[in-house]
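Asker: Structure provided below as C-alpha cells; questions to follow.
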Amino acid sequence: MEFSSRYYEGVGRRKVATARVRLYPGKGIIVVNDRPIEDYFPRKRDLLHLLEPLKATGTMAKFDISVKVKGGGISGQAGAIRHGIARALVKADPNLRRILRKGGFLTRDPRVKERKKPGLKRARKAPQYCKR
C-alpha cells in the first residue's frame, strides 16, 4: 500500500499498548502493522471500538490510516489505536476537538494492572484464612 508524504500523526496509549497512528488524505483504508484491519482485529467489538472517533466526527472515508502498534493485548491495542486516531484527527482539524473531547476520545484511560503485593497471591487476593 502506497501512502503520500503528507500526514497527521497521533500517539495513543492504553494499558501497556502504544500506537503510532498516521492519517493520510484518502478513501478510508486502514492498515495495522502492515496488515488489513480485519485480519489484525478479528473480533468485531475491538474493530467497532477503535473506529468510534471516525464515526463521531464523520471522517470515516476522508483518511487512509496507517498504524504501528506494539505491547499489550488485543483490546489494549484497540484502545491505543482509538486514542491515537482521536489525537491525529485534532491535528488534522482543530475544530473536531470539541466533539472528540465530549465523546471522551482524547482522554487517556489511566487504568493499568495493579502490582502484586508481598504476602498476597495477586494484587489483592489473600491466601485463605483459617482461624484454627
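Asker: Say we look at segment 1-41 and pick out the residues that are part of a strand (DSSP E or B) and among the small types (G, A, S); which of these is farthest from P110 (Cα to Cα)?
Answerer: G10
Asker: Another one. When residues of segment 39-62 are filtered for being more than 15 Å from the chain's Cα centre (by Cα) and surrounded by fewer than 16 Cβ atoms within 10 Å (Cβ to Cβ), how many remain?
Answerer: Looking only at that region, the number is 5.
Asker: Continuing with this model, one more query. Pick out the one residue from Y7, Y24 that is in contact with a Ser or Thr (Cβ under 7 Å, 6 or more places away or on another chain), under 25 Å from L96 (Cα atoms) and of a type outside the set (G, A, S). Full working, then the answer.
Answerer: Details: Y7 fails: in contact with a Ser or Thr (Cβ under 7 Å, 6 or more places away or on another chain).
One residue alone meets the criteria, Y24.
Asker: In addition: Pairs needed: first member in segment 107-130, modelled with pLDDT of 95 or more; second member anywhere, in a loop (DSSP other than H, G, I, E, B) and acidic (D, E); C-beta distance under 7 Å; at least 6 residues apart or different chains.
Answerer: From residues that are modelled with pLDDT of 95 or more, the pairs are A123/E114.
Asker: For segment 81-111, enumerate the residues that are surrounded by fewer than 12 Cβ atoms within 10 Å (Cβ to Cβ) and among the β-branched types (V, I, T).
Answerer: Scanning segment 81-111 gives a single hit, T107.
Asker: Restricting the search to segment 15-25, which residues are surrounded by 15 or more Cβ atoms within 10 Å (Cβ to Cβ) and either more than 13 Å from the chain's Cα centre (by Cα) or basic (K, R) (or both)?
Answerer: Correct list: K15, R20, R22, L23, Y24.
Residues are listed down the side, and each one gets a yes or a no for (1) within 13 Å of the chain's Cα centre (by Cα); (2) part of a loop (DSSP other than H, G, I, E, B); (3) polar (S, T, N, Q):
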residue: D64; (1), (2), (3): no, no, no
residue: A86; (1), (2), (3): yes, no, no
residue: K102; (1), (2), (3): no, no, no
residue: L106; (1), (2), (3): yes, yes, no
residue: E114; (1), (2), (3): no, yes, no
residue: R124; (1), (2), (3): no, yes, no
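The values are calculated or read from the model by the stated rules, or taken from the named source; none is laboratory data. The structure presented is a predicted model; accordingly, all values stated were derived computationally and were not measured. Positions of Cβ are backbone-derived with ideal geometry, glycine not excepted, and every protein chain shown enters the neighbour counts.
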